[in-house]
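Right, one structure below, let's go through it.
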Amino acid sequence: MSASRTATTDKPLNSPRKVILASLIGTSIEFYDFYVYATAAVLVFPALFFAAENETTSLLASFAVFGVAFVARPLGSIIFGHFGDRVGRKGTLVASLLTMGIATTLIGVLPTAHVAGWEILAPTLLVIMRFGQGLGLGGEWSGAALLATENAPKGKRAIFGTFPQLGAPIGFILANTVFILISYAMTEEQFFSWGWRIPFLASAALVIVGLWVRISLFETPSFTKMVEKDAVAKVPLARVFKTAWKPLIQGTFIMFATYVLFYLMTTFTLTFGTASIDADVAGLGYERTNFLWMLIFGVVFFGIFTLIAGPLAEKQGRRKMLMWVTALIAVFGLLWVPLFGGGFIGTMAMLTIGFTLMGLTFGPMAAYLPELFPANVRYTGSAISYNVSSIIGAAIAPFIAVALWTVGEGSTFWVGVYLAGAALVTLLALFLTHDTKDIDYEGNLE
């Protein structure tokens, strides 16, 4: 398929309702797939795929595989970014959704390491499937962000950009609700025997729905205009490193604190919250299902403030808004010990505040990162920044957090300091970056 065939003379436009639905449903499915694994990495996989004498060792092995997807994500951003900037946003989004969905569904049929002859092969295949998840998500976010913002009315890019971002809290709530319902419906033995597979297999049905919505889309106006002006980059990766290397670095560190915050708030807090108070490294001792409900309650605030972030970013500008939110994240990191030490009320306050800040920092990113780049390298540039940041901010966050928690002998003090440090790094990146609210988004061609 050539780029020239993508442009049409009548320039059909996608309706706002279709744009919102297509960007929202795709990222919801992708993040559902991703968080199904994240939840299983804490609750199931240490016992089924990485059994060891020491529970902490099993957990760290599971988190290591959890991080494999983040290594794959930059590769996915390069592959899907190339086709997104060369062929078009629409077809690339369909391919990224299929990649993620197939990998997730196949995890649901894998034998475990307890099956004779699969002791090594089962964990290996899990790593491969996790790598596939990372490839798909590496291309999904940037494409969905461009679908929303390149179709947005003037002055509403940040508002439209919040809808693909809303897929993160929706996907998280869906994934964890499925795990909770399964826990209620079956015994612990049944859950570990076959029940854990259901959330992964359910992904197949969700992908079909997402494909049906996306296939009916028209190409975005920005890409169509780029084709008409014969401005399509032959090798987007080379072009973006040659002409937009500075925004690549800026975007990477602008996302850094957001990634650290989210994966500490979800993956680490689930580990800490459900760890026994009598364990060698003590946790809060909550029953698994109860703490998942607590997380879901917090993530509701994530969703609400993701939507609130759009109008705020339009009114204040992306950079100004993110600077004060990031400063609040730094302060929040220093409050982990007193909040977690406040019993149920303190823990709920901690989750609510953390996820509120997550919505405020994550919401504007679908507009801000793509706006840093010209249209003909926008898919590649924003995808690489977003996903390279996932390595330094998210892939190692649960691993570092568990290590700091262990060093602290059950205290989360150093985990909070880690979050505060990440926020200071992002504040510096924002200070060195300009605001993009008023750029000519369609006509901005390198």
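With a 1.4 Å probe and every protein chain kept in, tell me what percent of the accessible surface of the chain is carbon plus sulfur.
Details: 11620 of 16660 Å².
Carbon and sulfur atoms account for 70 percent of the accessible area of the chain.
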_So if I take the alpha carbon set of the chain, get Rg, then get Rh from the Kirkwood formula, what is the Rg over Rh ratio?_
0.97
*Excluding Gly76 itself, calculate the net charge of residues whose Cβ lies under 12 Å from the Cβ of Gly76, where each Lys or Arg counts +1 and each Asp or Glu counts -1.*
-1
*Out of residues 5 or more away from Ile396 or on other chains, whose amide H comes under 5 Å of its own, with H placed 1.01 Å from N in the peptide plane?*
none
_Degrees separating the helix 203-215 axis from the principal Cα axis of the chain, which is the longest one_ = 10
_Cα gyration tensor, the stretch 75-207 - rounded (a/c under 1.5), prolate or oblate_ = oblate
*Could you work out the relative contact order of the chain, using alpha carbon pairs under 8 angstrom and six or more residues apart, expressed as a whole percent?*
25
*asked:* Ignoring everything except DSSP H segments at least 4 long, calculate the 222 nm mean residue ellipticity for the chain; use -39,500 (n - 2.57) per segment, divide by total residues, nearest 500.
replied: -23500 deg cm²/dmol
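Taking Rh as the Kirkwood radius, which is the inverse of the mean 1/r over Cα pairs, what is the Rg/Rh value for the stretch 218-366? Before the final figure, lay out the partial values.
Values: Rg = 20.1 Å, Rh = 17.9 Å.
Using only Cα positions, Rg/Rh for the stretch 218-366 is 1.12.
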_Cα long-axis angle, helix 397-407 against the chain (0 to 90 degrees, to the nearest 10)_ = 30
_With the cut-off at 29 Å, tell me which of the pairs Lys18/Lys246; Lys229/Lys320; Lys225/Lys437; Lys18/Lys242; Lys246/Lys437 have Cα atoms farther apart than that._
Lys18/Lys246; Lys229/Lys320; Lys18/Lys242
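May I ask you to compute the full-extension gain from Leu424 to Trp245, defined as 0.36 nm times their residue separation minus their alpha-carbon distance, rounded to one decimal in nm? Working shown, then result.
Numbers: separation 179, 0.36 × 179 = 64.44 nm, distance 2.20 nm.
My answer for the length gained is 62.2 nm.
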_Using the basic label-point model (7 angstrom from Cα toward the beta carbon), what is the Thr177 to Trp118 distance in nanometres?_
3.0
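What net charge do the residues around Ala202 carry, taking every other residue with its C-beta under 15 Å from that of Ala202, with Lys and Arg at +1 and Asp and Glu at -1?
Taking every Cβ under 15 Å from that of Ala202, the sum is -1.
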*Spin-label point model (7 Å from Cα, Cβ direction): what's the Trp324 to Trp194 distance in nm?*
5.6
*Hey, what did the stretch 79-154 get for relative contact order, percent, Cα under 8 Å, at least 6 apart?*
40
*First select every other residue whose beta carbon is under 14 angstrom from the beta carbon of Ala103; then total the charges, Lys and Arg +1, Asp and Glu -1.*
-1
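The values are calculated or read from the model by the stated rules, or taken from the named source; none is laboratory data. From a predicted model like this one, the values you see are computed outputs, not experimental measurements. Glycine gets a Cβ as well: all are built from the backbone with ideal geometry, and neighbour counts include every protein chain shown. The accessibility values were calculated without ligands, DNA or RNA, using every heavy atom of the protein model including side chains. Shrake-Rupley method; radii C 1.70, N 1.55, O 1.52, S 1.80 Å.
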